[in-house]
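Before any comments, here is the structure.
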Number of protein chains: 2
Amino acid sequence: MTEVATARRSRITPEREAELYAAVLDLLREVGYDALTMDAVAARTRSSKATLYRQWGSKAELVVRAMRHSKPGRVTDVDTGTLRGDMHAMVVREDDCRMEQNSALMRGLAMATHNNPDLLRAFRELMIEPEVEEFRIVMQRAIDRGEVRADCPALQYVVHMMIGAFATRTLIEDQPPTQEYLTSYIDAVMLPALGAPTS
Amino acid sequence: MTEVATARRSRITPEREAELYAAVLDLLREVGYDALTMDAVAARTRSSKATLYRQWGSKAELVVRAMRHSKPGRVTDVDTGTLRGDMHAMVVREDDCRMEQNSALMRGLAMATHNNPDLLRAFRELMIEPEVEEFRIVMQRAIDRGEVRADCPALQYVVHMMIGAFATRTLIEDQPPTQEYLTSYIDAVMLPALGAPTS
């Protein structure tokens, strides 16, 4: 169904798409991924299951597109002139309340991927790969400015460091990630590991 | 029941305890935490639910103690003389097959903690706090040897870095963490962030 979904996605208006995604995220927060059904989404959004499957092909694709849609603009639109400035800019795109919601959603989704190859594929394609590409651009700028050496071994682990910091906060400290925590982690861990200026 | 459980745990033999924990981990791999029932554990281990509750107080405590029991000896028994040596020693305590099993189990448990305060408490108390303490000892040795400055900002994030690397590998690369990956991450990220020698 995915080919059809891709072919027909243009059929629905951006407003309707945003409305559907918001409803999916509400349901996801209420019941979690495994308990979320296309029937519930259809009921909540007053649409038919056939329409949902035609547009998105699968629950996994619908849920991950809804998550992806909720993400703010790409940092690559911003160019602060320093790696530290760019990385801090990536963090402050979301306020702490939104970050707490998204960390709970991402944690739930990330774990659901464990038994669900479709979800893992959609999660990686729509959530991870754009992060990887965004960091690639930000890091290339830092290399071009001479802030980071092109052969720095930490470059291959930038996304692991960032997502790891995001994912482990709740587990280790029973607190959601915040802008203050992530900027502190960037300054204490990521910039030193990359050999980049920390101020 | 937890007080009772603690008071009576001495009642069962170490052999029987190990046998029970192994059965719990098998069940956990087969059905996951949420679907795991004390009835299933009782059936699998030929014991009564009353016995299980008397010994462990709750499913959360039983499961996390089983996870904890499966962990190899503490690295603090090892003292290689360098931070790099100690951290590599922490990683090679488990072979890759065991590490893959444990990463899947930990991911499943970490997710279940999201909606389960009992499990989160047990998980943090039995899985996270010992890690934190172990790293505290290893880092103190490195500080005493002059390998790491006592005021290094990365010290507060050592556990985030390590657990983050462990947790994000599958998500980002669709591969389980391995000894090779974790030792490479330690050399590329953790030691440089700590300002410690990388060779």
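Please report, in debye to the nearest 20, how large the charge dipole of the protein assembly as shown is about its Cα centre when each Lys and Arg carries +1 at its beta carbon and each Asp and Glu carries -1 there.
The dipole of the protein assembly as shown has a size of about 1040 debye.
Copy-to-copy spacing for A:Ala89, label 7 Å out on the Cα-to-C-beta vector, in nm, shortest first?
4.6
Pairs of Cα atoms under 8 Å, at least six residues apart: use those to get the relative contact order of chain A, whole percent.
23
List the equivalent ellipsoid semi-axes of the range B:101-153 in whole Å, largest first, each obtained as the square root of 5λ for an eigenvalue λ of the Cα gyration tensor.
After scaling each eigenvalue by five and taking roots: 31, 12, 9 Å.
Give, to the nearest whole percent, the P(r) tail of the protein assembly as shown beyond 31 angstrom, counting all Cα pairs.
That tail contains 44 percent of the Cα-Cα pairs.
Counting C-alpha atoms alone, how compact is chain A: give Rg to one decimal and Dmax as a whole number, in angstrom.
Final numbers for Rg and Dmax: 18.4, 54 Å.
Across the range A:100-199, how large is the tail of the calculated P(r) beyond 18 Å, expressed as a percent of all Cα pairs?
Within the range A:100-199, distances greater than 18 Å cover 54 percent of Cα pairs.
Pairs of alpha-carbon atoms within less than 8 angstrom and 6+ residues apart define the contacts here; what relative contact order does the range A:16-120 have, in percent?
29
Given an 8 Å cut-off on Cα distances and at least 6 residues of separation, report the relative contact order of the range B:1-70 as a percent.
Details: 54 pairs, mean separation 36.4, N = 70.
Computed value for the range B:1-70: 52 percent relative contact order.
If you plug each phi of the range A:122-129 into the Karplus form 6.51 cos²θ - 1.76 cosθ + 1.60 with θ = phi - 60°, what whole-Hz ³J(HN,Hα) values come out, in order, with x for Gly and Pro?
Per residue, the Karplus-derived 3J(HN,Hα) values read 5, 4, 5, 5, 9, 10, 7, 4 Hz.
To one decimal in nm, how far is B:Ala22 from the same spot in the other copies, if labels go 7 Å from Cα toward Cβ? Please give the shortest first.
5.6
Based on the alpha carbon coordinates of the range B:1-70, what radius of gyration and maximum Cα-Cα distance (Dmax) apply, in Å?
Spelled out, the Cα radius of gyration and Dmax of the range B:1-70 are 10.9, 31 Å.
Bear in mind these aren't lab numbers, they're just calculated from the coordinates by the rules spelled out. Only a predicted model underlies this, so the values are computations on that prediction, with no experimental measurement involved. Glycine also receives a Cβ, built like all others from the backbone with ideal geometry; neighbour counts cover every protein chain displayed.
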